[in-house]
Amino acid sequence: MESPYLLPAWIGLGAVFGALSRYYLTLICARALGGYFPFGTFVVNLSGASLMGFLATYLPSVNPNLPLNHLIFVGFLGSYTTFSTYALETTNLLKQKTYGQALFYGVGGLVAGFLGVELGIALARQLSG
């Protein structure tokens with residue numbers, strides 16, 4: 001059983017490695033494939049989603065009470081890419097046959113995220129003159 005006092009440490013440790021992995025993989029992709037398309041983010045999102053799906057399915061079959069779940073899922077994959085969590089949660093809504101919620105979350109998250117970025121840009125331009 002995980003100690004609730006150690007939980008933030010496990011999450012933080014995983015986050016450090018997830019963030020560094022994301023950073024270096026993005027650099028490697030940019031150097032290898034060029035910077036005209038965000039290949040690094042694309043590779044990170046796809047690999048993170050695949051890893052999330054694999055681990056979320058495989059680890060409970062091996063040990064349902066794995067003490068490092070928070071390190072892996074919240075820490076590492078959470079800082080590596082939030083897209084992996086987004087993809088898993090959309091898949092879970094589909095598995096629960098809550099299709100309206102899955103559509104809202106899956107498509108709505110993309111549209112709202114894009115609109116949020118545009119709104120942030122517009123507000124920053126207004127404030128900076």
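Summary table below
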| quantity | calculated |
| --- | --- |
| Scan of the range 1-39 for residues that are loosely packed, with under 13 Cβ neighbours inside 10 Å, within 18 Å of N69 (Cα to Cα) and among the aromatic types (F, W, Y), ordered by number | Y5 |
| Residue list for the range 51-68, filter: in contact (Cβ under 8 Å) with a residue 24 or more places away in the chain and assigned to a helix (DSSP H, G or I) | L51, M52, G53, A56 |
| Residue check for F83: free of Cβ contacts under 8 Å to residues at least 40 places away in the same chain and within 11 Å of the chain's Cα centre (by Cα) | yes |
| Test result for L66, touching a Pro at 6+ places or on another chain (Cβ under 9 Å) and surrounded by 13 or more Cβ atoms within 10 Å (Cβ to Cβ) | yes |
| Failed item, numbered, when K97 is tested on (1) modelled with pLDDT of 95 or more; (2) in a helix (DSSP H, G or I) | (2) |
| Search result, residues across the range 1-48 that are touching a residue at least 60 places away in the same chain (Cβ under 8 Å) and not in a helix (DSSP H, G or I) | M1, E2 |
| Pairs, first in contact (Cβ under 8 Å) with a residue 12 or more places away in the chain in the range 101-124, second assigned to a helix (DSSP H, G or I) and among the acidic types (D, E), C-beta under 8 Å, six or more apart | Y105/E89 |
| Residue, farthest from T41 (Cα to Cα), within the range 81-118, restricted to residues that are small (G, A, S) and in contact with a helix residue (DSSP H, G or I) (Cβ under 8 Å, 6 or more places away or on another chain) | A102 |
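The values are calculated or read from the model by the stated rules, or taken from the named source; none is laboratory data. Computed from a predicted structure; not experimentally measured. All Cβ positions, even for glycine, are placed from backbone atoms using ideal geometry, and neighbour counts span all protein chains on display.
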